[in-house]
């Protein structure tokens, strides 16, 4: 196929913080990531499904509303307290699909292996993917394996992509937050990021910090059964609660006001964050979700969440407001308010 | 989530040619790749769609027969005569879907970028993916970008996954080859692999060898319109024509007899292969397909192929036979026959 583009005089149209090269922050889920999507990928690939910018694309095939999502996993170390890259890869795509309200059905798996990876390591990861898929009730139906020469990869990278079916009557999207809506989190925040970080930094606590990696499709199904008109669902992974709520505020053109004292954080996570100078609101989660729900449905949704193993510590943490559209603001413990902006890059590289 | 597996006393159950570690050959599309799938992935992920081992998984959602496929691309160099990693990534997944008879609809894109990659390079690749998607009539609807630290990746790796819809009346699969069926190739073989290789080895020819990368969904649609009961379709990528036909012979438990003199090979490819001691039957293609068709449909399918821009040099190159089940045999130019076995590893690493 001859190339139909003319690269002569090609210039990069990106005002990407004046960086001519990719830096770690472009993968951090913050402003740099968003700019890459907004200024490079969306203009090039332009189509309706992509422009929604949800965790999953939604489209119709033969009358059925399907969701499709993809995620690559490059976490280091491969094994960490509470999980490993394999179950993270399965749960991550299951969750991205679930956040569109879809029932996840089928996943694909793409491995990029580095020459020299012990087969025993691959075997443990594969077994753990199989167990995670079984727990989530999804099937891994197709795959691909590439091997790169030693020194040109990093043990193992995993891509999972998946498709799911959105039930009738469900209409979830980042643009649907409305003033008056209630913001609910499904449990403690910051566990995954700090589990990874404490291993990397060699931190030890009385109670070790474990990743919260989990498949949330069961929780979402229970929430939708309790109240189908949930407006927004998102799992606050890279960039944490802060990036996720900032993105929703911008997509819906509303303000979001958090009550910081209501946000559940494990004591060990809080201590580790203080020690390392990090804010739990910016730390990644892999088994939590944020729900934005009309006030009439908030109690029903909260009760359904608390009754589910992955939502026992669910809490109402804030409200959608008409003021300061596009901004996330928090009422602090000492009675003031602070603006919580989106990070430019990331504080913790390669946590998923 | 606590880990539900017990790794104590874990032993690797793989008789993988006695290798305890991943070697390049595990990604080569030959016997080592097949063993990894057969002994590790299929037992772990066990399900019906996976066990078919086609290029795409096929399943039903709301009554519609869908195909899903995934592929990661790690080719070096990123830009080569006739294409680059971006259009290869789009065409590769479009073709894998097409080989199940599906009409490809939606693709996802996962980038793993290495810190330091020039944004200008990424921009060229992205533009070329957009052009390839447009040419193939598919939409890139969702994506993900991860960045790894310098020295832990290799510029850019791309995963594409996709879904397509299989029309009623189409039933294509690697197990459907039957004695008497005719083997058709859509054009010259070996172009992609030798284009990559000639760049790497610094070979120059009077007419440069160009990759054949192309989306084959249009060609497949024309073939199915001419004769819907095509038994098998496969694109001979990694491992080349030899691996593909060996796999089909094994899946269908039939023999395949090739007539070597009938196989179209460009002169420059033939010269390069001779120079490097390679056999074109083992070299990768990225814009060719093999079709196995009942004798009653062979002429109609061949005519439809020759009328399409991507099938002008299509040719009947062999036949399915009841003898030597599971084996690929070729009648050579000097009148003898030779067994063409599957490669163990790969002769050309990282060609896609």
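Is it the case, given these coordinates, that residue B:245 is within 21 Å of the chain's Cα centre (by Cα), part of a helix (DSSP H, G or I) and in contact (Cβ under 8 Å) with a residue 60 or more places away in the chain? When the stated conditions are applied, residue B:245 passes them.
For the range A:64-82, the set of residues classified as farther than 18 Å from residue A:109 by Cα and either in contact with a strand residue (DSSP E or B) (Cβ under 8 Å, 6 or more places away or on another chain) or in contact (Cβ under 8 Å) with a residue 60 or more places away in the chain (or both) consists of A:64, A:65, A:66, A:76, A:77, A:80, A:81, A:82, listed by residue number. Of these, B:96, B:71, B:154, which one is within 9 Å of chain A (Cβ to nearest Cβ), out of contact with any helix residue (DSSP H, G or I) (no Cβ under 8 Å at 6 or more places or on another chain) and closer than 16 Å to residue B:287 by Cα? Of the residues listed, the single one that is within 9 Å of chain A (Cβ to nearest Cβ), out of contact with any helix residue (DSSP H, G or I) (no Cβ under 8 Å at 6 or more places or on another chain) and closer than 16 Å to residue B:287 by Cα is B:96. Take residue A:222 and tell me if it is more than 17 Å from residue A:329 (Cβ to Cβ), touching a helix residue (DSSP H, G or I) at 6+ places or on another chain (Cβ under 6 Å) and not in a loop (DSSP other than H, G, I, E, B). Answer is yes for this residue.
Listed here are the strands (runs of 3 or more DSSP E) enclosed by the range B:265-352 that have at least 3 residues being surrounded by fewer than 24 Cβ atoms within 10 Å (Cβ to Cβ): B:315-321, B:328-331, B:337-339. If you go through the range B:132-146 and keep only what is part of a helix (DSSP H, G or I) and touching a helix residue (DSSP H, G or I) at 6+ places or on another chain (Cβ under 7 Å), you end up with B:132, B:133, B:136.
Residue-by-condition table, conditions (1) buried (at least 21 other Cβ atoms within 10 Å of the Cβ); (2) in the same structural domain as residue A:210 (by TED's automatic domain parsing); (3) under 21 Å from residue B:39 (Cβ atoms):
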| site | (1), (2), (3) |
| --- | --- |
| A:92 | yes, no, no |
| A:134 | no, no, yes |
| A:142 | yes, no, yes |
| A:150 | no, no, no |
| A:159 | yes, no, no |
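Among the residues of the range A:313-324, the one identified as more than 15 Å from residue A:259 (Cβ to Cβ) and under 20 Å from the mean Cα position of the chain (by Cα) is A:313. The residue list B:281, B:289 contains one member that is farther than 14 Å from residue B:265 by Cβ and under 17 Å from the mean Cα position of the chain (by Cα), which is B:289.
The values are calculated or read from the model by the stated rules, or taken from the named source; none is laboratory data. What you are looking at is a predicted structure, and each value in this text was computed from that prediction instead of being measured. Cβ atoms come from the backbone with ideal geometry, glycine included; neighbour counts cover every protein chain shown.
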